[in-house]
Amino acid sequence: MTSLKMMLVAIALSCLTTSAEYPNVRIPAGDATAVAATVNDAANRFFKENPQAVGLSVGVIKDGQIFTFNYGTAEKGRARTATANTLYPIASITKTFTGVLLARAALEGKVKLDDDVRKYLDGDYPNLEFEGHPIRLFDLLDHRSGLPFFIPDQPETQPDFENNVIPWPTRIAKIEKTYTRQDFYADLHKVKLDAAPGDKFRYSNAGAMLAGYILERLYGMSYEALLKERIFGPLKMGESTVTMNPAQELKAANGYDEKGNLAPENPNQLHGAGAIKSSVNDMLKYARWQMEELDEAVKLSHQPVLKSGNYAAGLNWQQMSSDGRRVIWQEGNIVGFNSFCILEPELKIGLVLFANEEDPASAHGQSVMANEILKGLDPASVQMP
């Protein structure tokens with residue numbers, strides 16, 4: 001759903017996480033033993049430092065080869081180990097799917113990424129501009145639209161990472177039972193911008209949800225149908241979905257907080273902002289497609305719409321660069337789950353990481369672990385902040 005580090009990245013661009021003590025030697029192509037040692041060392045360190053962690057699934061692409069690793073359990077109290085086919089909510093990584101669909105729409109001439117969003121809305125929305133500067137389509141996916149964290153914008157829908165008496169997904173699911181698309185657009189009329197779109201960072205699930213709604217209107221089909229036709233189907237991501245069927249529900253991991261409490265079900269109403277569930281096996285297919293950058297829509301979704309030093313943001317992909325090399329990534333974070341999809345195109349490295357326990361300490365630990373794995377695979381890798 002959201003990434004705490006992304007909220008802080010504007011003030012932390014120069015703070016790179018250092019890796020563990022790996023040899024300064026690139027692992028040769030085909031060296032499965034060395035890849036396994038790198039991942040196992042990082043994972044073991046993570047579990048030692050985060051005993052509250054439950055399960056972990058890791059996928060690696062290295063010089064065209066695929067490796068998967070699984071640790072812990074998909075369900076506490078049962079011998080149901082995590083596997084490369086276990087389904088996890090990928091939360092905000094969903095936004096990158098929305099981004100590439102929007103890029104495809106631009107390449108097909110259905111939109112321009114710098115279009116005023118009001119071009120694709122019915123009715124008059126004078127509130128969706130600030131001093132003559134309108135919200136543009138790409139603003140919906142770089143968190144500079146000025147739209148609120150969630151619509152409806154009310155206390156029950158605000159993030160409260162420190163005080164989850166009633167977990168955020170539970171509150172959202174309750175509200176969305178009677179909340180219609182018409183209600184969303186009515187509340188969109190009530191939004192008040194306090195800065196020109198593009199000028200101010202404000203994390204917004206509402207922006208990505210609106211982008212998904214616009215895509216539905218452009219193509220005359222549901223967001224889930226678009227995913228299946230344009231991404232899941234062509235990439236043979238057969239387990240990935242928004243709405244799980246009974247067989248998929250049996251493959252889904254349970255999520256937990258740091259106290260071992262079972263997390264609530266994540267609401268499908270997160271739509272283009274965070275509704276996808278996927279497995280490591282499927283997400284490695286997506287990561288390979290993104291990493292290869294052969295598809296014009298993928299390349300366009302990686303093009304920066306925002307730059308700040310060696311940091312850039314594309315259509316919800318974050319990027320750091322160094323000496324002509326890039327790390328492109330997105331993190332997904334929601335009650336009970338944390339996930340990463342990381343690409344190093346110039347080094348031909350991809351990394352997918354899913355965990356079914358979430359708290360600030362373990363989320364940070366997974367980020368450190370990811371950087372350790374990247375550095376162990378290739379010392380030239382660019383580290384995430």
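The values are calculated or read from the model by the stated rules, or taken from the named source; none is laboratory data. Everything quoted here is computed from the prediction, not taken from an experiment. Glycine gets a Cβ as well: all are built from the backbone with ideal geometry, and neighbour counts include every protein chain shown.
Observations on the structure shown:
- Among (1) crowded, with 20+ Cβ neighbours inside 10 Å; (2) assigned to a loop (DSSP other than H, G, I, E, B); (3) polar (S, T, N, Q) - the single one residue 38 does not satisfy: (2)
- Complete set of residues in the stretch 239-260 that are small (Gly, Ala, Ser) and farther than 18 Å from residue 57 by Cα: 247, 260
- Residues satisfying the stated conditions in the stretch 165-183, i.e. buried (at least 17 other Cβ atoms within 10 Å of the Cβ) and either among the aromatic types (Phe, Trp, Tyr) or assigned to a loop (DSSP other than H, G, I, E, B) (or both): 167, 168
- Considering only residues in the stretch 46-63 that are over 26 Å from residue 251 (Cα atoms) and either crowded, with 17+ Cβ neighbours inside 10 Å or under 24 Å from the mean Cα position of the chain (by Cα) (or both), the one that is modelled with the lowest pLDDT turns out to be 63.
- When the criteria are applied in full, residue 319 meets the requirement of being under 22 Å from residue 142 (Cα atoms), surrounded by 19 or more Cβ atoms within 10 Å (Cβ to Cβ) and free of Cβ contacts under 8 Å to residues at least 24 places away in the same chain.
- Subset of the stretch 335-350 that is among the hydrophobic types (A, V, I, L, M, F, W, C) and closer than 16 Å to residue 94 by Cα - its residue that is surrounded by the fewest Cβ atoms within 10 Å (Cβ to Cβ): 335
- Restricting the stretch 18-35 to residues that are surrounded by 15 or more Cβ atoms within 10 Å (Cβ to Cβ) and of a type in the set (Ser, Thr, Tyr) leaves a set whose member that is modelled with the highest pLDDT is 22.
- Restricting 188, 218 to residues that are more than 20 Å from the chain's Cα centre (by Cα) and crowded, with 19+ Cβ neighbours inside 10 Å narrows the list to 188.
- Remark: pairs (first residue in the stretch 60-72, closer than 12 Å to residue 351 by Cβ; second residue at pLDDT below 95 and among the charged types (D, E, K, R); Cβ separation under 9 Å; 6+ apart in sequence or on different chains) = 62/31.
- Any hit, the stretch 269-288, residues being modelled with pLDDT of 95 or more, part of a helix (DSSP H, G or I) and surrounded by fewer than 20 Cβ atoms within 10 Å (Cβ to Cβ): yes
- Being surrounded by fewer than 21 Cβ atoms within 10 Å (Cβ to Cβ), acidic (Asp, Glu), free of Cβ contacts under 8 Å to residues at least 24 places away in the same chain and closer than 30 Å to residue 178 by Cβ is a property that residue 265 lacks.
- Any chance residue 92 is at pLDDT 95 or above, hydroxyl-bearing (Ser, Thr, Tyr), within 22 Å of residue 317 (Cα to Cα) and assigned to a helix (DSSP H, G or I): yes
- Within the stretch 297-314, considering residues that are part of a helix (DSSP H, G or I), under 17 Å from the mean Cα position of the chain (by Cα) and not aliphatic (A, V, I, L, M), the one surrounded by the most Cβ atoms within 10 Å (Cβ to Cβ): 301
- Among the candidates 152, 197, the residue that is in contact with a Pro (Cβ under 8 Å, 6 or more places away or on another chain), on the phi < 0 side of the Ramachandran plot, crowded, with 17+ Cβ neighbours inside 10 Å and not in a helix (DSSP H, G or I) is uniquely 197.
- Test: residue in the stretch 375-383 that is over 26 Å from residue 167 (Cα atoms), polar (S, T, N, Q) and not in a helix (DSSP H, G or I): yes
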